[in-house]
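Below is one structure, written out as structure tokens; comments come after it.
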Amino acid sequence: MQVSFEKIDQSYGNQTLFSQLDLEIPSGQFFTLLGPSGCGKTTLLRMLAGFVRPDAGRVRFGNDDVTSVPVHHRGVGIVFQDYALFPDRSVQANVAYGLLARRVPKAEATDRAAAMLKRVGLEAFKDRAPAALSGGQRQRVAMARALVIKPRLLLLDEPLSALDVKLRVELRCMIRELQQEAGITTVFVTHDQEEALAMSDQIAVMDRGQIVQIGTPQEIYVQPRTAFAADFVGNANLIPILEELPAAGGGTRRLRTPVGTLFTNSHAPCLPGALLAVRCAEILLHTPGTTQDGKVPGVIQHVEYRGSTVGYTIQTAIGSLHVDTWASQNAQLRQRGDAVALEIPHSAHIVEGRPC
């Protein structure tokens, strides 16, 4: 089922959150609303659920205008950040609750709840209370409860944020598998860019009530359109562009920057205020030598050993730049105070600056 927002306006007091916002979510996709706190992503999710009604505009499920349809008539499954399980009911009773509320016969509801618990690996826990489960197990119960009703739309409100890193990785794989099996349109809200990249068919990057870019995870990461998208999804270094110079051989573009002439294969327009976005993991570190185009001199300020990787913060003429390298490639870790030369790759991408 396709889901769409049409000309949405929403204000809180004197503050405008959305103005004429349009968004279309294709049928069957795992679609992520990604952005920092306060950007509006949770408000959009609550509009889909029916908890919030827009000041103006329409919300559609397929061809149906559901803007004024109450929550219990929308056929939506929801997994909340805090799971929202009934503490006084067993695991199986929690899963069966939505079916019984829809007047499914008790025997059928019991069978469907048991089958869903088996699918999420919790059939042995059906008689336990939620308090007797781990956080990951409670999350599985919440997913089972949302899916057992066979909803038209699945909404996920930061469901992994309370879990440890290892468990988040495990459960995001399970959630994606369940969604693909069901073929259900799913809207996922998160501020975690790694989760968004790992789970999504498409991502909408949001900033202060606006959708700044929509695309596949690869498109968002490799070809960000704005400085905000580049920095929020993948932590890019941003280098001001002073002007574009005549192209080098092979069509490679040359850019004059405050740290020298740099090169890019980006096809994005170089508009006033544009920046060069460079991923931390794509910069190469060299020992300092004669000044060359494409290399930026700097001095290491901080070294962060992370096991498989090493992060460096390097002071340059435009402030700090960040570089991530594989620890296995560093026979000897560089130290604070070492002079280095940063090789900026041609894969660096031109992006629009963020307006004030």
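Give the residues of the range 50-64 that are surrounded by 19 or more Cβ atoms within 10 Å (Cβ to Cβ) and among the aliphatic types (A, V, I, L, M), sorted by residue number.
V59
Specify which of the listed residues (R46, R53) is farther than 25 Å from K150 by Cβ, basic (K, R) and without any contact (Cβ under 8 Å) to a residue 40 or more places away in the chain.
Values: R46 fails: farther than 25 Å from K150 by Cβ.
On inspection, the qualifying residue turns out to be R53.
Given the conditions (1) touching a residue at least 60 places away in the same chain (Cβ under 8 Å); (2) under 30 Å from Q210 (Cα atoms); (3) of a type in the set (A, V, I, L, M); (4) not in a loop (DSSP other than H, G, I, E, B), which single one is not true for L271?
(4)
I'm trying to understand the selection: among the residues of the range 1-41, which are in a strand (DSSP E or B), polar (S, T, N, Q) and within 18 Å of T67 (Cα to Cα)?
We begin by selecting, within the range 1-41, every residue in a strand (DSSP E or B); these are 3-12, 15-25, 30-34.
Subsequent filtering for residues that are polar (S, T, N, Q) retains 4, 10-11, 15-16, 19-20, 32.
Scanning the range 1-41 gives S4, Q10, S11, S19, Q20.
In this structure, is D164 closer than 21 Å to A49 by Cβ and under 22 Å from the mean Cα position of the chain (by Cα)?
On the way: closer than 21 Å to A49 by Cβ: no; under 22 Å from the mean Cα position of the chain (by Cα): yes.
No.
Looking at K126, is it on the phi < 0 side of the Ramachandran plot and over 29 Å from the mean Cα position of the chain (by Cα)? Walk me through how you get there before you give the answer.
Numbers: on the phi < 0 side of the Ramachandran plot: yes; over 29 Å from the mean Cα position of the chain (by Cα): yes.
Considered against the rule, which asks whether it is on the phi < 0 side of the Ramachandran plot and over 29 Å from the mean Cα position of the chain (by Cα), K126 comes out as yes.
Could you pull out the residue among T287, T316 that is in contact (Cβ under 8 Å) with a residue 12 or more places away in the chain, touching a strand residue (DSSP E or B) at 6+ places or on another chain (Cβ under 9 Å) and surrounded by 13 or more Cβ atoms within 10 Å (Cβ to Cβ)?
Numbers: T287 fails: surrounded by 13 or more Cβ atoms within 10 Å (Cβ to Cβ).
After ruling out the rest, the residue left standing is T316.
Please enumerate the residues belonging to the range 159-195 that are acidic (D, E), part of a loop (DSSP other than H, G, I, E, B) and at pLDDT below 90. I'd like the intermediate steps shown before the answer.
Step one: list which residues in the range 159-195 are acidic (D, E), which gives 164, 170, 177, 181, 192, 194-195.
This time we only want the ones that are part of a loop (DSSP other than H, G, I, E, B), so: 164, 192.
The one that is acidic (D, E), part of a loop (DSSP other than H, G, I, E, B) and at pLDDT below 90: D164.
Collect the residues in the range 101-153 that are assigned to a loop (DSSP other than H, G, I, E, B) and farther than 23 Å from F30 by Cα, keeping them in residue-number order. Don't jump to the end; show me each part of the working.
Step one: filter the range 101-153 for residues assigned to a loop (DSSP other than H, G, I, E, B), giving 102-105, 120-122, 126-129, 133-134, 149-152.
Across the range 101-153, the qualifying residues are R102, R103, V104, P105, L122, K126, D127, R128, A129, L133, S134.
The values are calculated or read from the model by the stated rules, or taken from the named source; none is laboratory data. Just so it is clear, the structure is predicted and the values come from calculations on it, not from any experiment. Neighbour counts run over all protein chains shown; Cβ positions are idealised from the backbone, glycine included.
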